[in-house]
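Following: one structure in structure tokens, then a few remarks.
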Amino acid sequence: MEKFETLTGVAVPLKRSNVDTDQIIPAVFLKRVTKTGFDDALFHAWRQDPDFVLNDPAFQNPRVLIAGPDFGTGSSREHAVWALRDYGFAAVFSPRFGDIFRGNSGKQGLLTGQISQEETEELWAMIEADPGIGATVDLVERTLTLGDRSVAFEIDDYTRWRLLEGLDDIGLTLREEAQITRFEDARESWRPTTLPAR
Amino acid sequence: MGRTLAEKVWDDHLVVKGEDGSPDLLYIDLHLIHEVTSPQAFDGLRMAGRPVRRPDLTIATEDHNTPTLNIDKPIADLTSRTQIETLRRNAEEFGIRLHSLGDKEQGIVHVVGPQLGLTMPGITVVCGDSHTSTHGAFGAMAFGIGTSEVEHVLATQTLPLKPFKTMAITVEGELKPGVTAKDIILAIIAKIGTGGGQGYVLEYRGSAIRSLSMDGRMTICNMSIEAGARAGMIAPDETTYEYLKSRPHAPQGADWDAAVAYWETLKTDDDAVFDAEVYLDAAELEPFVTWGTNPGQGVSLNDRVPDPALLDDPNERANAERALEYMDLAAGTAMKDIKVDAVFMGSCTNSRIEDLRAFASVVKGQKKADGVRVMVVPGSARVRLEAEAEGLDKVFEEFGAEWRFAGCSMCLGMNPDQLAPGERCASTSNRNFEGRQGKGGRTHLVSPLVAAATAIRGTLSAPSDVVATGSTLPPVIESVGVPAGAQSTAEGSAR
């Protein structure tokens, strides 16, 4: 995973709430067995509409998505994160995220920052007044800046640290190998195993 | 201070307690795998040269993509076939037990785990599927994970996780006839919203929950994620033990006794404090149905399509307006005046034997409404066999419904079972998102009893709207899920 410190790029307003992962990527695209190449699938149904924000020439090659509350609810599909990442997004902001989506994002280097509803609407208005305006995300300072307006976003310390360091979760966990083995040795015999039943 | 059920199970799986804001490392007792969210995880293992740490705590089945017709033929859709074949290769290479299409233990992963007796109280269960919350019905800590986490569990049998907050959802009282577990959970989601449970483990409690069978409890816990919660739990009791006892993987002999002794401790302590609490009166609940495009947009079946203009929150208003446009519904329309094109009876929410029995109890001796397509999809091959042994397949066929093979089917339309654009469906599944059951399809979430009555009348209907044909027994419209052992109501004091 690459380290994430700061990033500057075009910000897109997604003025919808409850954007579930079925909307981010419909199930029909989940049949692939690869981890990349999902950019065409992102918001597939909505992109058929010429008025959809991503079809606006002002928002080409965007890096930052600013969405309404409850972004990424529903299905656990990590493909939603891959599709956003493949399309070019590196950071998503919303007043509230689906839990599984937020966890998945952190593991793939996609920053999810929480900002208030008021700030979200304020930034939407700024982008509408100046479509294509650049945004700067500073993970060290935890700020999102558009023009001369800077808002602080929330991200938990641990995810922030991992993004900043670009650390791989499995490698981190395997440092605790001895503890895992000790736990397994003490595991009660009534607990299930999937070996063929009696 | 006492601890909640969720906190007890969490504490008993701590491998490493996180410090300074880092997450806890939790041991995973059971990892369920299916074809959609696993290929990239196995790829990751291969690339890093890592083995599966505990194949003996891992089990795989094919469900999301599988056809529900002609299952003896090669899968026509090439990408679906590739995904299934990839799972088979991965299971073989990494030594994981797999129940493939055609096997009698194949089926929806959340139906298969419990029916094998692998799901039990006090364990941790994960799966790359958000409806893993289903298994919480046994008093397990069960939640959906993403593909990176699937890889993590395969490699380490653990997950780094921040503790959840706890929310008690207490449902007291007796359900009216025709009101079931599905109606309870739809009412809960309408009350707390699709984001209301975010960051929480929900614990469902109270006499109405205690009176439910395991199948009913699974329906409730299954939809915890639709309220934003990753997990939902119900404390184990006699109903749980009775269900589990004769299952193939249930502990035996001294192990059983030791397990039950432990399971008896898995109740929220009297002096435990939840971070949030919600109450519902079971007696006030009616059959419930959704009108919009998220599971929180629901009303009583006797109600009308709400008017977005009456919503205060501008976001919710815009959301409701969009939903009505997509659903092609006008505010003020009586829900019962809404005509459907299709009825889907299935999914990990409602495809167990009791769900099929409930549906059959209403449609027995009836004919489906003209022009309505009715599909009945059992949750597993074993449920299918069980239903056939009881003659339910004949009831469905005489009614005019299609009796299919097991899988996720039209819940998410990854196989050919999809709605056509503009088609409207009464569905016993869990998500009414835009396009979920097929591009442009419109979904109303309902219980099996409401699905059955709707299939007869062609409009959204309660079982009490159905006139018995006279040639057969009148429909049974008792609430589904009164357990065989009525003694379990005494467990209501376990709170």
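The values are calculated or read from the model by the stated rules, or taken from the named source; none is laboratory data. Computed from a predicted structure; not experimentally measured. Glycine gets a Cβ as well: all are built from the backbone with ideal geometry, and neighbour counts include every protein chain shown. To get the accessible areas, we keep the full protein, side chains included, count just its heavy atoms, and leave off ligands, DNA and RNA. Shrake-Rupley method; radii C 1.70, N 1.55, O 1.52, S 1.80 Å.
Loop only per DSSP, at most 15 neighbouring Cβ atoms within 10 Å: give me the GluC sites (Glu not before Pro) in region B:250-296, ordered by residue number. Numbers along the way, then the final one.
On the way: sites: B:E264, B:E277, B:E284; in loops: B:E264.
Those that pass, being in a loop and sparsely packed, are B:E264.
Around B:E149, what is the net charge, scoring Lys/Arg as +1 and Asp/Glu as -1 over all other residues with Cβ under 11 Å from its Cβ?
Numbers: positive: A:K107; negative: A:E78, A:D169, B:E151.
Net charge around B:E149: -2.
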- Query: Probe 1.4 Å, all protein chains in place: accessible area of B:K8 in Å², nearest 10?
  - Reply: 20
- Once fully extended, how much extra length lies between B:K162 and B:S246, figured as 0.36 nm per residue of separation less the alpha-carbon to alpha-carbon distance? 26.7 nm
- Query: Based on DSSP, what percent of beta bridges with both residues in region A:1-101 are antiparallel, to the nearest 5?
  - Reply: 0
- Message: Under the rule of at least 5 residues apart or a separate chain, name every residue whose amide H is placed under 5 Å from the amide H of B:I33.
- Response: B:I59, B:A60, B:T61
- So if R0 is 41 Å, what FRET efficiency would B:A331 and B:E19 give, r being the distance between their Cβ atoms, rounded to the nearest 0.05? 0.15
- So, in nm, how far is label B:K367 from label B:T265 when the simple model puts each one 7 Å beyond its Cα toward the Cβ? 6.2
- Note, ³J(HN,Hα) from phi for region B:98-106, Karplus 6.51, -1.76, 1.60, rounded to Hz, x at Gly and Pro: 10, 9, 8, 3, x, 7, 6, 9, 6
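Which sequence of A:R77, B:R382 reflects their accessible areas, 1.4 Å probe, from the largest down?
Details: A:R77 5, B:R382 85 Å².
Descending order: B:R382, A:R77.
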- Long-range HN-HN contacts of B:G298 with modeled amide H, under 5 Å: B:W291
- Any of B:K176/B:K364; B:K368/B:K439; A:K15/B:K191; B:K176/B:K368; B:K245/B:K267; B:K191/B:K394 with alpha carbons more than 27 Å apart? Name them for me. B:K191/B:K394
- With charges set only on the Cβ (+1 for Lys and Arg, -1 for Asp and Glu), what does the dipole of the protein assembly as shown come to about its Cα centre, in debye to the nearest 20? 1620
- Within chain A: Cβ-based charge dipole about Cα centre, in debye rounded to nearest 20 (Lys, Arg +1; Asp, Glu -1): 840
- Message: Within 10 Å of each candidate Cβ there may be at most 16 other Cβ atoms; applying that plus a DSSP loop requirement, which GluC sites (Glu not before Pro) in region B:375-450 survive?
- Response: B:E390
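Over all residues in B:141-153, what is the mean tally of Cβ atoms on other chains that come within 10 Å of each residue's Cβ?
If you average over the peptide's residues, the count of other-chain Cβ atoms is 6.
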- chain B: C-alpha gyration tensor shape, a/c 1.5 cut-off, then a/b vs b/c: rounded
- List the accessible area buried at the contact between A and B, summed over both sides and calculated with a 1.4 Å probe, in Å² to the nearest 100. 5800
- Point-to-point label distance, A:Q108-A:I133, nm (Cα→Cβ direction, 7 Å offset): 2.9
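Kindly provide the Kirkwood hydrodynamic radius of the protein assembly as shown in Å, to one decimal, from all pairs of distinct alpha carbon atoms. Write out the running numbers ahead of the final one.
Details: mean 1/r = 0.0395 Å⁻¹.
Result for the protein assembly as shown, one decimal place: 25.3 Å.
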- Query: Any idea which of B:I209, A:F29, B:M167 is furthest toward the positive side of the dipole for the protein assembly as shown, if Lys and Arg beta-carbons carry +1 and Asp and Glu beta-carbons -1?
  - Reply: A:F29
- Query: Along the charge dipole of chain A, which of A:A90, A:L110, A:F38 sits closest to the positive end, that is, farthest toward it, with unit charges on the beta carbon of Lys, Arg, Asp and Glu (+1, +1, -1, -1)?
  - Reply: A:F38
- Message: Using the crude model of +1 on Lys and Arg Cβ and -1 on Asp and Glu Cβ, and no other charge, please compute the dipole size for chain B relative to its Cα centre, in debye to 20.
- Response: 960
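Restricting to chain A, compute how many DSSP beta bridges are antiparallel as a %, nearest 5. Working shown, then result.
On the way: 14 of 28 bridges.
Restricted to chain A, the bridges split so that about 50 percent are antiparallel.
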- Message: Using a 1.4 Å probe on the protein heavy atoms only, what accessible surface does A:R162 show? Give it in Å² to the nearest 10.
- Response: 10
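Mind checking B:442-448 for the average number of partner chain beta-carbons within 10 Å of each residue's beta-carbon? Spell out each step's value before the answer.
Details: counts 0, 0, 0, 0, 0, 0, 0.
Per-residue shielding by partner chains comes out at 0.
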- Plugging the Cβ-Cβ distance of B:E321 and B:A420 into 1/(1 + (r/R0)^6) at R0 = 25 Å yields, to the nearest 0.05, a FRET efficiency of 0.50
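Send over a whole-number figure in Å² for the accessible area per residue of region B:342-407, probe 1.4 Å.
Working: 2130 Å² over 66 residues.
The answer is 32 Å² per residue.
FRET efficiency for A:T181 and B:D77, Cβ-Cβ distance as r, R0 = 41 Å, nearest 0.05? Intermediate values should be presented prior to the final figure.
Details: r = 43 Å, r/R0 = 1.05.
About 0.45, to the nearest 0.05.
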- Item | Interchain or long-range residues, amide H under 5 Å from B:R373's placed H | B:A342, B:V343
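Among the trypsin sites (Lys or Arg not before Pro) in region A:3-45, which ones are in a DSSP loop with at most 13 other Cβ atoms within 10 Å of the Cβ? Mind listing them?
Details: sites: A:K3, A:K15, A:R16, A:K31, A:R32, A:K35; in loops: A:K3, A:K15, A:R16, A:R32, A:K35.
Here the trypsin sites (Lys or Arg not before Pro) that fit, given the DSSP loop and packing criteria, are A:K3.
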- Mind ordering B:441-448, A:182-189 by average Cβ neighbours within 10 Å, highest first? B:441-448, A:182-189
- Task: Enumerate the calculated ³J(HN,Hα) couplings along region B:73-90 in order (Karplus 6.51 cos²θ - 1.76 cosθ + 1.60, θ = phi - 60°), each rounded to whole Hz, writing x wherever the residue is Gly or Pro.
- Result: 9, x, 5, 5, 6, 5, 5, 4, 4, 4, 5, 5, 5, 5, 4, 4, 5, 5
- Ignoring everything but the protein chains, give the 1.4 Å probe accessible area of B:H152 in square angstrom, nearest 10. 0
- Under the 7 Å Cα-to-Cβ spin-label approximation, A:M1 and B:A389 lie apart by a distance in nanometres of 4.8
- Query: Ranked from the most accessible area to the least, with a 1.4 Å probe and all protein chains present, what is the order of A:L167, A:L195?
  - Reply: A:L195, A:L167
- Message: With unit charges on the beta carbons (Lys and Arg positive, Asp and Glu negative) and the dipole taken about the Cα centre of the protein assembly as shown, which residue among B:I192, B:L32, A:V53 sits farthest to the positive side?
- Response: B:L32
